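Visitor: Can you read through this structure? Questions will come right after.
Throughout, read-outs are computed from the coordinates displayed, never taken from laboratory work. These numbers were taken from a predicted model, which means no experiment stands behind them. Note that each Cβ is placed from the backbone with ideal geometry, even for glycine, and that neighbours are counted across all protein chains shown.
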Amino acid sequence: MPDGDGTLHLVDLHAPVDEEYLNTRNGANNAYWLFTRQNPTNRDILVNGNANSIRNSNYRGNRPTKVIVHGWSSSGTSSLNPMITSQFLHAGDFNVIVVDWSRAASGAYTTSVRAVPDVGRHLASFLTFLFQTAGGNWNNLHLVGHSLGAHIVGNAGRAAPSLPVRVTGMDPAGPQWGGNANALNARSGVFVESIHTDGGRLGIMDPISDADFYPNGGTNPQPGCRTSDCSHGRAYEFFASSVRTNHLVGRRCNNLQQARDVQCSGAALNMGNMILGKRGNGLFGMRTQAAWPF
């Protein structure tokens with residue numbers, strides 16, 4: 001499996017969970033980094049329970065808030081975070097919060113999987129404190145997560161006192177998540193979408209959200225990719241591009257096989273983008289180009 005920089009690691013999916021590791025590396029270790037148009041590259045560090053860390057930052061409660069969560073063996077500095085952050089700040093005046101859960105994400109894959117619900121619950125607790133301290137609300141919140149991070153934002157949405165208005169899963173992690181009650185699902189937000197790019201391998205293939213997008217069939221190889229890890233990462237590249245241009249349009253499919261075959265011709269729904277009021281239901285297929293902006 002790839003880490004946040006695309007380096008491959010051999011993973012034992014039957015390795016026992018390291019309970020001792022989880023006792024010291026869990027959601028309480030989450031770090032929250034704020035980026036705004038006032039500080040687009042230099043993070044403000046927000047601390048759960050520390051009101052001064054929020055009041056002394058560039059956070060503004062009247063702005064929409066975007067939250068980005070990385071996947072396994074990654075961190076807040078992994079490539080998806082600056083890529084998506086820069087596109088959000090180019091497109092609008094947002095609070096962009098990058099969640100660094102690298103302490104729990106750096107264990108064996110099976111152990112990091114077990115950490116996901118706790119990391120999500122702590123994220124929900126932090127956002128509750130943030131809104132209570134400095135303003136903001138769940139109807140102005142968009143949670144975005146890649147791989148294991150997709151399941152984290154799913155857990156955060158379900159743990160929140162009110163559903164976030166939008167949740168986006170970018171190729172939600174597949175191994176150990178089929179039939180898992182802790183996986184991202186349509187109950188995680190008012191509108192939940194998933195972008196599937198390596199379904200059946202590193203990502204989930206089955207539809208799990210209100211709207212499930214299957215660009216280029218939803219599987220490896222994606223155009224321009226030769227490997228599964230490249231296809232897995234395409235999901236966040238597609239999303240980042242869509243934030244800037246909103247040009248990736250899916251067509252509704254009658255079933256999953258149509259989505260696999262990219263033979264969908266139903267109603268249109270744009271994939272990704274930053275629109276908080278986005279709504280839609282069903283499976284959507286589309287083709288993209290092999291390189292940015294796809």
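Visitor: What order do you get for K278, K66 when you list them from fewest to most C-beta neighbours inside 10 Å?
Guide: Going from least to most buried by this count: K278, K66.
Visitor: I would also like to ask the following. Would you mind ranking Y59, Y21 so that the residue whose beta carbon has the fewest other beta carbons within 10 Å leads the list?
Guide: Listed from fewest to most nearby Cβ atoms, that is Y21, Y59.
Visitor: What is the set of long-range amide H partners of T219 at a cut-off below 5 Å, with H atoms built 1.01 Å from backbone N?
Guide: The answer is G199.
Visitor: Please find the FRET efficiency linking A267 to R287, where r is the Cβ-Cβ separation and R0 is fixed at 22 Å, and quote it to the nearest 0.05.
Guide: Step by step, r from the Cβ atoms, then E = 0.80.
Visitor: If you average the sequence gap of Cα pairs under 8 Å that are 6 or more apart and divide by the length of the chain, what percent do you get for the contact order?
Guide: 15
Visitor: While we're on this one: What net charge is computed for the residues neighbouring S74, neighbours being all others with C-beta under 10 Å from the C-beta of S74, Lys and Arg scored +1, Asp and Glu -1?
Guide: Surrounding charge for S74 is -3.
Visitor: Follow-up. Using Stokes-Einstein with the Kirkwood hydrodynamic radius over Cα pairs, what translational diffusion coefficient do you get for the stretch 63-176 at 4 °C and a viscosity of 1.567 mPa s, in µm²/s rounded to a whole number?
Guide: 93
Visitor: Please list 3J(HN,Hα) in residue order for the stretch 184-201, calculated via the Karplus relation 6.51 cos²θ - 1.76 cosθ + 1.60 where θ = phi - 60°; whole Hz, with x for glycine and proline.
Guide: For the stretch 184-201, the Karplus-derived couplings read 3, 8, 5, 8, 8, x, 5, 10, 10, 10, 10, 10, 9, 10, 9, x, x, 10 Hz, x marking Gly and Pro.
Visitor: Return P(r) of the stretch 1-107 (all Cα-Cα pairs; 10 Å bins starting at 0; whole %; ordered from short to long distances).
Guide: 14, 39, 30, 13, 3
Visitor: Based on the inverse mean of 1/r over its pairs of different Cα atoms, what is the Kirkwood hydrodynamic radius of the stretch 19-286, in Å?
Guide: 18.1
Visitor: Under the Karplus relation 6.51 cos²θ - 1.76 cosθ + 1.60, θ = phi - 60°, what is the ordered set of whole-Hz ³J(HN,Hα) values for the stretch 242-248, x standing for Gly and Pro?
Guide: 5, 5, 6, 10, 6, 10, 8
Visitor: Oh, and also: How many nm is it between the label spots at T128 and T77, if each spot is 7 Å from the Cα in line with the beta carbon?
Guide: It is 3.3 nm.
Visitor: Another question, if that's okay. Over the Cα atoms of the stretch 166-240, what Rg and Dmax result, in angstrom?
Guide: Radius of gyration, then largest Cα-Cα span, for the stretch 166-240: 11.5, 36 Å.
Visitor: Residue-wise, which Karplus ³J(HN,Hα) couplings in Hz belong to the stretch 15-24, taking 6.51 cos²θ - 1.76 cosθ + 1.60, θ = phi - 60°, and x for glycine or proline?
Guide: Result, rounded to whole Hz: 5, x, 5, 8, 5, 4, 4, 5, 5, 10.
Visitor: Sorting E237, E19 on the 10 Å Cβ count, fewest up front, what's the list?
Guide: Sorted ascending by nearby Cβ count, the order is E19, E237.
Visitor: How far apart, in nm, are two points set 7 Å out from the Cα along the Cα-to-Cβ line at D206 and at T245?
Guide: A separation of 3.5 nm, rounded to one decimal place.
Visitor: At 222 nm, what value in deg cm²/dmol follows for the chain if DSSP H runs of at least 4 each add -39500 (n - 2.57) and the sum is divided by all its residues, to the nearest 500?
Guide: -9000 deg cm²/dmol
Visitor: Something else now. Set the Förster radius R0 to 41 Å, insert the Cβ-Cβ distance between D93 and T24 as r into 1/(1 + (r/R0)^6), and round the FRET efficiency to 0.05.
Guide: The pair D93/T24 has a calculated efficiency of 0.60.
Visitor: Another one. Between the stretch 1-47 and the stretch 191-254, how far is it from one alpha carbon centroid to the other, in angstrom?
Guide: Here the two parts' Cα centres lie 22 Å apart.
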